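The values are calculated or read from the model by the stated rules, or taken from the named source; none is laboratory data. Quick caveat, the model's predicted, so the values are computed rather than measured. Here the Cβ is made from the backbone with ideal geometry for all residues, glycine too, and neighbour counts use every protein chain on show.
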Amino acid sequence: MTVIEIVCEYLKREGFDGLYNVDGECGCLIAHMEPCEEMRSDCKPGYKHPCIGGDCDGDYEWSIEKEKP
(Lines give C-alpha, C1' and ligand atoms only; values in the text may rest on other atoms or scores of the structure.)
Protein backbone atom coordinates (compact mmCIF):
# COMPACT_ATOMS: atom_id res chain seq x y z
CA MET A 1 0.00 0.00 0.00
CA THR A 2 1.34 3.44 -0.94
CA VAL A 3 1.14 6.69 1.04
CA ILE A 4 -1.34 8.04 -1.53
CA GLU A 5 -3.57 4.98 -1.05
CA ILE A 6 -3.43 5.38 2.74
CA VAL A 7 -4.35 9.08 2.50
CA CYS A 8 -7.21 8.38 0.07
CA GLU A 9 -8.63 5.65 2.31
CA TYR A 10 -8.52 8.00 5.32
CA LEU A 11 -10.24 10.82 3.42
CA LYS A 12 -13.01 8.51 2.20
CA ARG A 13 -13.52 6.93 5.62
CA GLU A 14 -13.80 10.35 7.31
CA GLY A 15 -16.15 11.80 4.66
CA PHE A 16 -13.77 14.30 3.04
CA ASP A 17 -13.75 15.07 -0.70
CA GLY A 18 -10.07 15.85 -1.14
CA LEU A 19 -7.16 18.00 -0.01
CA TYR A 20 -6.57 21.75 -0.03
CA ASN A 21 -3.68 24.06 0.75
CA VAL A 22 -4.33 26.75 3.36
CA ASP A 23 -2.57 29.28 1.12
CA GLY A 24 -5.15 28.53 -1.60
CA GLU A 25 -2.50 27.39 -4.06
CA CYS A 26 -3.99 23.98 -4.78
CA GLY A 27 -6.82 21.58 -4.16
CA CYS A 28 -7.40 18.05 -5.38
CA LEU A 29 -10.23 15.56 -5.27
CA ILE A 30 -9.68 12.03 -4.01
CA ALA A 31 -10.16 10.76 -7.57
CA HIS A 32 -7.33 12.99 -8.82
CA MET A 33 -4.85 12.90 -5.98
CA GLU A 34 -1.38 14.23 -6.78
CA PRO A 35 -2.31 16.33 -9.81
CA CYS A 36 1.27 17.56 -10.08
CA GLU A 37 2.75 14.16 -9.24
CA GLU A 38 3.59 15.22 -5.70
CA MET A 39 1.61 15.75 -2.53
CA ARG A 40 2.49 18.84 -0.53
CA SER A 41 3.08 18.29 3.16
CA ASP A 42 0.95 21.31 4.12
CA CYS A 43 -2.28 20.04 2.50
CA LYS A 44 -5.31 19.48 4.73
CA PRO A 45 -8.52 17.45 4.29
CA GLY A 46 -11.51 19.37 3.01
CA TYR A 47 -14.85 19.42 1.21
CA LYS A 48 -15.78 20.19 -2.39
CA HIS A 49 -17.59 23.50 -3.00
CA PRO A 50 -19.00 24.63 -6.36
CA CYS A 51 -17.60 27.91 -7.72
CA ILE A 52 -20.43 30.38 -8.19
CA GLY A 53 -20.10 33.80 -9.79
CA GLY A 54 -16.31 33.82 -10.01
CA ASP A 55 -15.67 33.09 -6.32
CA CYS A 56 -12.74 30.80 -7.26
CA ASP A 57 -9.48 31.83 -8.87
CA GLY A 58 -9.20 31.10 -12.58
CA ASP A 59 -11.71 29.05 -14.54
CA TYR A 60 -12.30 26.38 -11.92
CA GLU A 61 -15.71 24.79 -11.38
CA TRP A 62 -15.03 23.80 -7.75
CA SER A 63 -12.70 24.33 -4.82
CA ILE A 64 -11.77 22.28 -1.75
CA GLU A 65 -12.33 24.12 1.52
CA LYS A 66 -12.13 23.48 5.26
CA GLU A 67 -15.86 23.67 6.05
CA LYS A 68 -18.70 21.60 4.59
CA PRO A 69 -20.78 23.45 1.98
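Data overview
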{"read-out": "Unmet criterion (only one of (1) surrounded by 10 or more Cβ atoms within 10 Å (Cβ to Cβ); (2) modelled with pLDDT of 90 or more) for Arg13", "value": "(1)"}
{"read-out": "Those residues of region 11-21 which are of a type in the set (A, V, I, L, M, F, W, C), out of contact with any Cys (no Cβ under 6 Å at 6 or more places or on another chain) and in contact (Cβ under 8 Å) with a residue 40 or more places away in the chain, in sequence order", "value": "none"}
{"read-out": "Conditions (1) assigned to a loop (DSSP other than H, G, I, E, B); (2) among the charged types (D, E, K, R); (3) at pLDDT 90 or above; (4) surrounded by 12 or more Cβ atoms within 10 Å (Cβ to Cβ): number failed by Glu34", "value": "(3)"}
{"read-out": "Members of region 15-31 found to be more than 14 Å from Lys48 (Cβ to Cβ) and outside any loop (DSSP other than H, G, I, E, B), listed by number", "value": "Asn21"}
